[in-house]
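In what follows, a structure is listed as structure tokens, so that the remarks can point back to it.
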Amino acid sequence: MSADEKVNILMVDDQPAKLLSYEVMLGELGENLIKATSAKQALEILLKTDVAVVLMDVSMPELDGFELATMIRQHPRFQRTAIIFISAVHLTDLDRLKGYEHGAVDYISVPVVQELLRAKVRGSGAPRAGAHRGVSG
């Protein structure tokens, strides 16, 4: 990857207002932020786009975040894609374990703390905004 290439971050939530808030929180990272309002839309995007990080709601209609994560992990191209779950409900250790078993690398609870979200996304595959990404030659 060249120094000018941006990382794709896919944000999946059935509530557009939450997607907008995540977009505002992650905007300063300077990466490509892609929004999906359903698991189906997320899968369509993933088939066409290389994504470094998937930030997704656990509770969505049709397919929940756990089911979507399982489907993502079944595709060889996405074995190393970082999945971060966001949950508005109180998570027990068993809930977290279920997420990790379905391929999550991390969890974030609502209300989302902007600095924590940025740090977790950076740590999962999106470089630090303005960070030196290597020099060729």
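The values are calculated or read from the model by the stated rules, or taken from the named source; none is laboratory data. Please read all numbers here as calculations on a predicted model, not as lab measurements. Quick reminder, even Gly has a Cβ in these numbers, built from the backbone with ideal geometry, and neighbours come from all protein chains shown.
Can you pull out every residue in the range 7-31 that is in contact with a Leu (Cβ under 8 Å, 6 or more places away or on another chain) and not hydroxyl-bearing (Ser, Thr, Tyr)? Let's see the steps before the verdict.
Step one: list which residues in the range 7-31 are in contact with a Leu (Cβ under 8 Å, 6 or more places away or on another chain), which gives 9-13, 22-23, 25-27.
Residues satisfying the conditions are 9, 10, 11, 12, 13, 23, 25, 26, 27.
If you go through the range 87-113, how many residues are in contact with a Ser or Thr (Cβ under 8 Å, 6 or more places away or on another chain) and among the hydrophobic types (A, V, I, L, M, F, W, C)?
7
Among the residues of the range 77-107, which ones are over 23 Å from residue 50 (Cβ atoms) and touching a Lys or Arg at 6+ places or on another chain (Cβ under 8 Å)?
Hit for the range 77-107 is 107, nothing else.
Answer with yes or no whether residue 45 is under 15 Å from the mean Cα position of the chain (by Cα), closer than 20 Å to residue 125 by Cβ and surrounded by 19 or more Cβ atoms within 10 Å (Cβ to Cβ). Give the derivation first.
Numbers: under 15 Å from the mean Cα position of the chain (by Cα): yes; closer than 20 Å to residue 125 by Cβ: yes; surrounded by 19 or more Cβ atoms within 10 Å (Cβ to Cβ): no.
No: the conditions fail for residue 45.
How many residues are polar (S, T, N, Q) and modelled with pLDDT of 90 or more when one looks only at the range 85-136?
So in the range 85-136, the residues polar (S, T, N, Q) come out as 87, 92, 109, 114, 124, 136.
With modelled with pLDDT of 90 or more added as a condition, the list becomes 114.
Qualifying residue count, the range 85-136: 1.
If we only count strands (runs of 3 or more DSSP E) wholly inside the range 17-127, which ones have 2 or more residues that are within 22 Å of residue 5 (Cβ to Cβ) and free of Cβ contacts under 8 Å to residues at least 60 places away in the same chain? Outline the logic, then answer.
Working: elements: 32-36, 53-57, 82-87, 106-109.
Result: 32-36, 82-87.
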